[in-house]
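**Q** Let me give you the structure first, and then I'll get to my questions.
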Amino acid sequence: MDEQITYMQQLQQDDGPVVLINQFNVTAADAALLLEVWADDAEFMKTQPGFISTQLHRGTSGSTTFMNVAAWESARALGDAFRSPEFQERVARYPDSTVAAPHVFQKVAVAGICLA
């Protein structure tokens with residue numbers, strides 16, 4: 001998502017709670033398989049230290065764009081789970097048409113509108 005900062009660079013930080021937003025695009029033929037593999041990944045991630053929650057969203061009107069929004073205690077905890085051999089084996093099961101764009105975010109306080 002950000003061409004200047006890689007996902008792997010983001011996973012080195014350890015400065016409080018983060019939100020992973022990961023956009024997936026697949027062909028229509030692969031949408032059901034993406035859901036199956038993602039659900040298995042989510043079950044694994046739920047058991048990892050630092051995991052808080054996750055929610056998968058799908059674009060409307062037959063879209064094959066999916067958005068995973070996951071909360072973690074820190075980017076380092078997310079990184080440890082992401083780099084684990086168990087998770088890397090799971091990643092290999094995604095459909096060939098899958099294009100993922102993960103990025104890590106922190107809340108931003110905006111006076112009168114958003115709380116940090």
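What follows draws every value from the coordinates through simple rules; no lab data is involved. Not measured: the values here are computed from a predicted model. Note that we place each Cβ from the backbone using ideal geometry, even for glycine, and neighbour counts take in every protein chain shown.
**Q** Short version: ³J(HN,Hα) in whole Hz for each residue of region 52-69, in order, from phi by Karplus 6.51 cos²θ - 1.76 cosθ + 1.60 (θ = phi - 60°), x for Gly and Pro, what are they?
**A** Karplus values, whole Hz, x for Gly and Pro: 10, 6, 8, 8, 9, 10, 10, x, 7, 6, x, 4, 10, 9, 10, 10, 9, 10.
**Q** Oh, and also: Can you tell me the length gained on complete extension of the stretch THR64 to ALA100, counting 0.36 nm per residue apart and subtracting the Cα distance?
**A** Taking 0.36 nm per residue and subtracting the Cα distance, the gain is 11.7 nm.
**Q** What is region 28-111's relative contact order, in percent, from Cα pairs under 8 angstrom and six or more apart in sequence?
**A** It comes to 30 percent, rounded to a whole number.
**Q** Which value, in debye to the nearest 20, gives the size of the charge dipole of the chain about its Cα centre, when Lys and Arg are +1 and Asp and Glu are -1 at the Cβ?
**A** 260
**Q** Sort region 46-114 into rounded, prolate or oblate with this rule: let a ≥ b ≥ c be the square roots of the eigenvalues of the Cα gyration tensor; rounded if a/c is under 1.5, and if a/c is not under 1.5, prolate when a/b is larger than b/c, oblate otherwise.
**A** Because a/c hits 1.5 or more and a/b fails to exceed b/c, region 46-114 counts as oblate.
**Q** For the chain, what does -39500 (n - 2.57) per DSSP helix run (n ≥ 4), summed and divided by total residues, give at 222 nm, in deg cm²/dmol to the nearest 500?
**A** Calculated mean residue ellipticity at 222 nm is -9000 deg cm²/dmol.
**Q** Then there is this: Consider the candidate values (i) 31; (ii) 45; (iii) 22; state which one is percent of Cα pairs over 23 Å apart computed from the structure displayed.
**A** (i)
**Q** Separate question: Hey, can you rank 3-11, 54-62, 79-87 by average C-beta count inside 10 Å, highest first?
**A** Most protected by this proxy first, the peptides run 79-87, 3-11, 54-62.
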